[in-house]
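One structure is given below, encoded as structure tokens.
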Amino acid sequence: MPHRIPRWSVWLLQASLGWRRTACALGASVKQRCLGCPWGVSGPLTVREYSSASRTPEVRLTQERYPVQRLPFSTVCEEDLATFEHIIPGRVVTDPEELEASNVDWLRTVRGCSKVLLRPQTSEEVSRILRHCHERNLAVTPQGGNTGMVGASVPVFDEIVLSTALMNQVISFHRVSGALVCQAGCVLEELSQYVQERDFIIPLDLGAKGSCHIGGNVATNAGGLRFLRYGSLRGTVLGLEVVLADGTVLNCLTSLRKDNTGYDLKQLFIGSEGTLGVITAVSILCSPRPKAVNVAFLGCPGFAEVLQTFSTCKGMLGEILSAFEFMDAECMQLVGQHLHLARPVQESPFYILVETSGSSAGHDAEKLDSFLEQVLGSGLVTDGTVATDQRKIQALWALRERITEALSHDGYVYKYDLSLPVERLYDLVIDLRSRLGLRAKHVVGYGHLGDGNLHLNVTAESFSEALLGALEPYVYAWTAEQQGSVSAEHGLGFKKRDVLGYSKPPMAVQLMQQLKALLDPKGILNPYKTLPTRA
């Protein structure tokens with residue numbers, strides 16, 4: 001039996017009275033960093049969610065690193081700039097230094113060379129911009145908070161960057177139904193604060209919530225930390241306003257829960273990554289804010305115990321279970337090493353974070369205590385701690401949410417976002433550690449166990465073609481053998497567009513290409529993304 005079990009009865013008493021003190025902290029605030037500039041100029045740019053320590057090497061142009069050829073789009077000329085300036089006076093950016101952040105993804109793995117950034121404020125302005133671009137055959141990359149993982153939100157060549165940053169207004173909120181209507185550039189965290197003040201919550205929570213835009217979340221069909229409880233954006237988004245490639249405004253911005261008239265067109269654009277249209281406004285269903293929230297951070301002796309704990313958790317916590325996250329020991333090691341966040345429980349091979357949310361503190365605490373007694377008594381869990389107040393809940397969540405940040409400090413990161421049968425979720429991590437050996441610094445696995453979503457990350461001192469060759473297509477083929485998905489929630493973007501066939505049959509891919517040709521016949525919207533390269 002684990003040596004800390006005799007303490008557990010005391011811990012349970014402490015848990016019912018409050019937080020067991022730990023050295024856990026949220027860590028330092030985000031720092032500034034410089035991004036490589038295609039024109040040889042650099043300057044400090046604030047990155048709200050993530051930092052890259054002191055190393056800021058030049059990011060190679062995407063067209064130099066990857067085998068991609070520019071399609072025959074027109075090039076922006078002075079007449080185009082004059083037209084854009086007429087449409088959005090004072091919001092046409094051509095200064096190379098200001099364009100740095102828009103050309104490079106936050107992971108610093110892809111880099112375009114756009115020379116124009118447009119910052120519209122209304123759907124009408126977006127419509128006029130796209131109408132001109134369509135007439136001139138100018139390619140456009142829609143961009144929100146630029147927090148994506150697969151290079152979907154930055155140009156590959158010299159595409160015009162269309163930013164939604166100034167489209168940040170709440171249009172309406174209905175206190176009875178919980179329907180929120182807002183522009184696409186609203187930052188997720190600010191929307192969350194807005195509805196929380198009205199006793200509701202956004203049904204989406206991400207580590208990048210301080211920077212990502214709701215329009216980008218919808219365009220990538222982001223999953224996040226609340227998926228287990230509230231489901232996909234395909235269910236919580238009620239309506240969209242979208243501007244098509246030719247400038248046509250498609251207004252399906254309904255707030256109705258039920259509308260069974262014809263095809264549900266909004267679903268075409270959810271997860272389309274800006275390739276079919278530019279999302280300019282969103283109607284989303286918000287849920288009542290829970291009156292009681294608890295977070296338990298637990299240590300498990302093995303992945304089999306993690307799975308059994310999850311089964312027990314679903315059975316005993318039921319309707320109040322809102323999140324079930326797991327991470328391995330190497331994740332916790334990197335969070336401590338690079339971010340100096342203390343581990344709040346004894347060292348374990350695996351850790352899980354369980355969140356409950358409900359309407360009655362007493363009821364929820366009773367159910368949680370019964371669950372904890374059960375998993376301790378059966379040896380599924382060896383140690384744990386519980387938080388009930390917001391500050392301490394955030395501190396425990398930071399251990400999970402900031403894993404991505406810790407990995408970025410460890411070197412070059414090869415990232416994979418996979419859906420797998422839950423019983424096979426960790427097998428690939430073990431397999432790759434054996435396959436890669438000393439070629440990799442770390443091979444780690446963490447993610448949303450309740451959703452069957454593995455975040456597989458491999459770190460190395462620097463980018464290596466040989467290491468990439470050992471990973472791909474091996475990871476995708478392994479996933480396909482399990483009938484999994486090569487992208488659970490991050491999308492395909494530029495980096496994964498050519499592996500779509502591992503998760504979708506040829507007929508499905510062909511139909512997607514036909515839809516693209518129908519809605520964007522000139523292919524100007526976010527080219528080189530989502531769909532595979534045509535032979």
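The values are calculated or read from the model by the stated rules, or taken from the named source; none is laboratory data. Note that this is a predicted model, so its numbers are computed, not measured. Here Cβ is always computed from backbone atoms with ideal geometry, including for glycine, and neighbour counts include all displayed protein chains. Ligands, DNA and RNA are excluded from the accessible area calculation, which covers all protein heavy atoms including side chains. Shrake-Rupley method; radii C 1.70, N 1.55, O 1.52, S 1.80 Å.
When region 358-382 is examined, which residues are found to be at pLDDT 95 or above and either outside any helix (DSSP H, G or I) or not assigned by TED's automatic domain parsing to the domain that holds residue 335 (or both)?
Those that are at pLDDT 95 or above and either outside any helix (DSSP H, G or I) or not assigned by TED's automatic domain parsing to the domain that holds residue 335 (or both): 378, 379, 380, 381, 382.
If I filter region 474-484 for residues that are crowded, with 18+ Cβ neighbours inside 10 Å and under 22 Å from residue 526 (Cα atoms), do I get at least one hit? Step through it out loud before you land on a result.
From region 474-484, those crowded, with 18+ Cβ neighbours inside 10 Å are 475-476, 478-479, 484; that's our starting set.
Within this subset, residues satisfying the condition of being under 22 Å from residue 526 (Cα atoms) are none.
No, that holds for no residue.
Against the conditions (1) at pLDDT 95 or above; (2) outside any helix (DSSP H, G or I); (3) open to solvent by 60 Å² or more (accessible area, probe 1.4 Å), where does residue 494 fall short? Just the number, please.
For residue 494, the exception is condition (3).
Within region 338-375, work out how many residues are under 17 Å from residue 397 (Cβ atoms) and charged (D, E, K, R).
Result for region 338-375: 2.
List the helices (runs of 4 or more DSSP H) that sit entirely inside region 191-262 and contain at least 1 residues that are open to solvent by 50 Å² or more (accessible area, probe 1.4 Å), in contact (Cβ under 8 Å) with a residue 12 or more places away in the chain and not assigned by TED's automatic domain parsing to the domain that holds residue 449. It would help to see each step written out before you state the result.
Values: elements: 214-219, 227-230, 233-236.
Where helices (runs of 4 or more DSSP H) fall fully within region 191-262 and carry at least 1 residues being open to solvent by 50 Å² or more (accessible area, probe 1.4 Å), in contact (Cβ under 8 Å) with a residue 12 or more places away in the chain and not assigned by TED's automatic domain parsing to the domain that holds residue 449, they are 227-230, 233-236.
Checking the conditions here, which among 238, 265, 285, 298 is modelled with pLDDT of 95 or more, touching a strand residue (DSSP E or B) at 6+ places or on another chain (Cβ under 9 Å), closer than 25 Å to residue 139 by Cβ and of a type outside the set (S, T, N, Q)?
Details: 238 fails: closer than 25 Å to residue 139 by Cβ; 285 fails: closer than 25 Å to residue 139 by Cβ; 298 fails: closer than 25 Å to residue 139 by Cβ.
Residue meeting the stated conditions: 265.
For region 56-70, enumerate the residues that are at pLDDT 90 or above and of a type in the set (Ser, Thr, Tyr).
Of everything in region 56-70, those that are at pLDDT 90 or above and of a type in the set (Ser, Thr, Tyr) turn out to be 62, 66.
Quick one: would you say residue 144 is open to solvent by 10 Å² or more (accessible area, probe 1.4 Å), in the same structural domain as residue 105 (by TED's automatic domain parsing) and small (Gly, Ala, Ser)? So that I can check it myself, show each step before the final result.
Numbers: open to solvent by 10 Å² or more (accessible area, probe 1.4 Å): yes; in the same structural domain as residue 105 (by TED's automatic domain parsing): yes; small (Gly, Ala, Ser): yes.
Considered against the rule, which asks whether it is open to solvent by 10 Å² or more (accessible area, probe 1.4 Å), in the same structural domain as residue 105 (by TED's automatic domain parsing) and small (Gly, Ala, Ser), residue 144 comes out as yes.
Kindly indicate whether any position in region 409-424 is of a type in the set (A, V, I, L, M), touching a Phe, Trp or Tyr at 6+ places or on another chain (Cβ under 9 Å) and in a helix (DSSP H, G or I).
Yes.
Considering (1) farther than 17 Å from residue 163 by Cα; (2) more than 28 Å from the chain's Cα centre (by Cα), say which one residue 84 fails and leave the rest.
Tallying (1) farther than 17 Å from residue 163 by Cα; (2) more than 28 Å from the chain's Cα centre (by Cα), residue 84 fails exactly one: (1).
Considering 437, 452, which residue is farther than 23 Å from residue 531 by Cα, open to solvent by less than 50 Å² (accessible area, probe 1.4 Å) and in contact with a Pro (Cβ under 7 Å, 6 or more places away or on another chain)? Before the answer, list the steps.
Numbers: 437 fails: in contact with a Pro (Cβ under 7 Å, 6 or more places away or on another chain).
None of the other options fit; the residue is 452.
Suppose we keep only residues that are open to solvent by less than 10 Å² (accessible area, probe 1.4 Å) and over 24 Å from the mean Cα position of the chain (by Cα) within region 352-380. Which one would you say is nearest to residue 288 (Cα to Cα)? Before you say what the answer is, go through the steps one by one.
Here is the first cut: in region 352-380, the ones open to solvent by less than 10 Å² (accessible area, probe 1.4 Å) are 352-354, 356-357, 364, 368, 371-372, 375.
Filter again for over 24 Å from the mean Cα position of the chain (by Cα), leaving 364, 368, 371-372, 375.
Numbers: 364: 16, 368: 21, 371: 25, 372: 27, 375: 30 Å.
Within region 352-380, the match that is nearest to residue 288 (Cα to Cα) is 364.
For residue 339, state whether it is at pLDDT 95 or above and over 24 Å from residue 205 (Cα atoms).
On the way: at pLDDT 95 or above: yes; over 24 Å from residue 205 (Cα atoms): no.
Criteria not met by residue 339.
Just for strands (runs of 3 or more DSSP E) wholly inside region 98-190: which have at least 1 residues that are within 18 Å of residue 275 (Cα to Cα) and either without any contact (Cβ under 8 Å) to a residue 40 or more places away in the chain or over 17 Å from the mean Cα position of the chain (by Cα) (or both)? Explain how you work it out, then say what you get.
Details: elements: 140-143, 160-163, 170-173, 179-183.
Passing ranges, in order: 140-143, 160-163.
Across region 245-277, what is the total count of residues that are out of contact with any helix residue (DSSP H, G or I) (no Cβ under 6 Å at 6 or more places or on another chain) and hydrophobic (A, V, I, L, M, F, W, C)?
The number of residues fulfilling the criteria is 6.
Of the residues in region 82-102, how many are surrounded by 15 or more Cβ atoms within 10 Å (Cβ to Cβ), out of contact with any helix residue (DSSP H, G or I) (no Cβ under 6 Å at 6 or more places or on another chain) and aliphatic (A, V, I, L, M)?
Number satisfying all stated conditions: 3.
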